[in-house]
């Protein structure tokens, strides 16, 4: 028995099997990224100090698709709403902000503080008092009010209005980089002891 074509045949099926397994894992990974969870990075300081520039987070995408109600405190990732697209934002880009009010909530900003349904929002997650006012209004059905934690340096709902829920990509749930801050993204400062 020499080293002919018959000797090469036994190695081909295992190689083919390995390639098909690799392709299956790639397909599963892509399917998960498109439908369940995807990585994102923080490009701006609008969410300081909660999220730092260049932090990497995982975004859970099922809740918005299945209509799971978001509550104030959730940190959401979304496509630019129409006013930002009209101003030249790439519709494929993504922004990240905190939900501070949901449909039906009456909100306002006065004297540097956020009020929700006639009460001072507690917590309101702001890095510092807001340097602007927002006239009282009710968040419309199907919308959210989203603000950056670094309110005075955030391009958010106080400038372009409520966020339509259909623009949501998902909810930021886990910070995986840098390793020193690895862990879940909390709703409130009381959850993890960090400053608001």
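The values are calculated or read from the model by the stated rules, or taken from the named source; none is laboratory data. Predicted, not measured: the structure shown is a model, and the values here were computed from it. Glycine gets a Cβ as well: all are built from the backbone with ideal geometry, and neighbour counts include every protein chain shown.
Side notes on the structure shown:
- Members of the range 141-152 that are over 12 Å from residue 98 (Cα atoms) and surrounded by 13 or more Cβ atoms within 10 Å (Cβ to Cβ): 143, 152
- Residue under evaluation residue 91, criteria (1) surrounded by fewer than 16 Cβ atoms within 10 Å (Cβ to Cβ); (2) within 17 Å of residue 46 (Cα to Cα); (3) in contact with a helix residue (DSSP H, G or I) (Cβ under 7 Å, 6 or more places away or on another chain), criterion not met: (2)
- Residue, modelled with the highest pLDDT, within the range 31-70, restricted to residues that are part of a loop (DSSP other than H, G, I, E, B) and farther than 25 Å from residue 179 by Cα: 70
- Boolean, residue 2 is under 30 Å from residue 121 (Cα atoms), at pLDDT below 90 and either assigned to a loop (DSSP other than H, G, I, E, B) or in contact with a helix residue (DSSP H, G or I) (Cβ under 6 Å, 6 or more places away or on another chain) (or both): no
- From 127, 175, residue being touching a residue at least 12 places away in the same chain (Cβ under 8 Å) and out of contact with any helix residue (DSSP H, G or I) (no Cβ under 6 Å at 6 or more places or on another chain): 127
- Some residue of the range 97-110 being surrounded by 16 or more Cβ atoms within 10 Å (Cβ to Cβ), more than 22 Å from residue 171 (Cβ to Cβ) and in contact with a helix residue (DSSP H, G or I) (Cβ under 8 Å, 6 or more places away or on another chain): yes
- Search result, residues across the range 168-177 that are surrounded by fewer than 20 Cβ atoms within 10 Å (Cβ to Cβ) and under 14 Å from residue 80 (Cβ atoms): 169
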